[in-house]
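Taking it in order: structure first as structure tokens, then the write-up.
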Amino acid sequence: IYNSLVLLGEEVSAEFDYSSCKRVTVSPTITTIRTGTLSNLSSITELELPNSVTLIEENSLPNYLEKLTMSGNICLSKISQYAKHYLKHVLIKDTTVISDEQFKDLQALEIIEYGKLITSIGNEAFKNCKSLVEVPYFKDVTSIYSNSFNNCESLEEIVLPNKELTMISDNRTSNPFN
């Protein structure tokens, strides 16, 4: 029985079925987590990815992951359907841009935190994040897509700066909070 797992190399591509594993350490040499790699780690609820990880493929994260700490603009919209119903808290370090569809369809996502100041919020960045209740104060945002927060039913308030803000429209809607 495994209590912990250390992932080494440049990419992780093997599928693991260590249901009793409680902790995963991802080496700073890993750049890609391939499809299905960590999805069977059912006891992992928190995971921290190093700055080196730039790609998380479809269905590659633990299915019952609740908290994720990562760097950069890694898109999470293609994680497993299970994970979309469990991932509640994401902390992103070392980025100033929220990418297009970065958190799209993460239905359980309640809290998003950033280590740096955000300057741009991408197209459909938080679309269908129905449980999202809190986002950081975006005091340095200069551009936001018009549909960035579509269907964020639980989000009551977004504080944006009192300065010139470019609203980018995709012609489907003019309100980022529809």
- Identify, from the list Thr32, Thr37, Thr25, the residue that is open to solvent by less than 10 Å² (accessible area, probe 1.4 Å) and either more than 23 Å from Glu110 (Cα to Cα) or modelled with pLDDT under 80 (or both). Thr37
- Counting only residues in the range 89-145 that are in a strand (DSSP E or B) and hydroxyl-bearing (Ser, Thr, Tyr), the one nearest to the chain's Cα centre (by Cα) is identified as Tyr114
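Quick grid of which residues meet (1) more than 23 Å from Leu61 (Cα to Cα); (2) open to solvent by 40 Å² or more (accessible area, probe 1.4 Å); (3) of a type outside the set (Gly, Ala, Ser):
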| residue | (1), (2), (3) |
| --- | --- |
| Leu87 | no, no, yes |
| Thr96 | yes, yes, yes |
| Phe103 | no, no, yes |
| Glu113 | no, yes, yes |
| Asn123 | yes, no, yes |
| Tyr145 | yes, yes, yes |
| Asn151 | yes, yes, yes |
| Thr166 | yes, yes, yes |
- Looking only at the range 108-119, which residues are under 22 Å from Ser146 (Cβ atoms) and at pLDDT 90 or above? Leu109, Ile112
- Could you tell me which numbered condition Lys78 fails, if it satisfies all but one of (1) open to solvent by less than 50 Å² (accessible area, probe 1.4 Å); (2) assigned to a loop (DSSP other than H, G, I, E, B)? (1)
- Criterion (under 17 Å from Val135 (Cβ atoms), open to solvent by 10 Å² or more (accessible area, probe 1.4 Å) and either in contact (Cβ under 8 Å) with a residue 24 or more places away in the chain or not in a loop (DSSP other than H, G, I, E, B) (or both)) met by exactly one of Asn63, Asn73, Asn51, Asn59: Asn73
- Here the residues within the range 7-22 that are of a type outside the set (Lys, Arg), at pLDDT 60 or above and surrounded by fewer than 17 Cβ atoms within 10 Å (Cβ to Cβ) are Ser19, Ser20
- Message: Residue under question is Lys116, and the condition is that it be free of Cβ contacts under 8 Å to residues at least 40 places away in the same chain and of a type in the set (Lys, Arg); does it hold?
- Response: yes
- Message: I'd like to know if the range 24-47 contains one or more residues that are in contact with a strand residue (DSSP E or B) (Cβ under 9 Å, 6 or more places away or on another chain), under 25 Å from Ser120 (Cβ atoms), of a type in the set (Lys, Arg) and assigned to a loop (DSSP other than H, G, I, E, B).
- Response: no
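The values are calculated or read from the model by the stated rules, or taken from the named source; none is laboratory data. Treat the numbers as computed from the prediction; the structure is a model and nothing was measured. FYI the Cβ positions are ideal-geometry reconstructions off the backbone, even for glycines, and counts take in every protein chain you see. Each accessible area value is taken on the protein alone, full model and side chains, heavy atoms only, with ligands, DNA and RNA left out. Shrake-Rupley method; radii C 1.70, N 1.55, O 1.52, S 1.80 Å.
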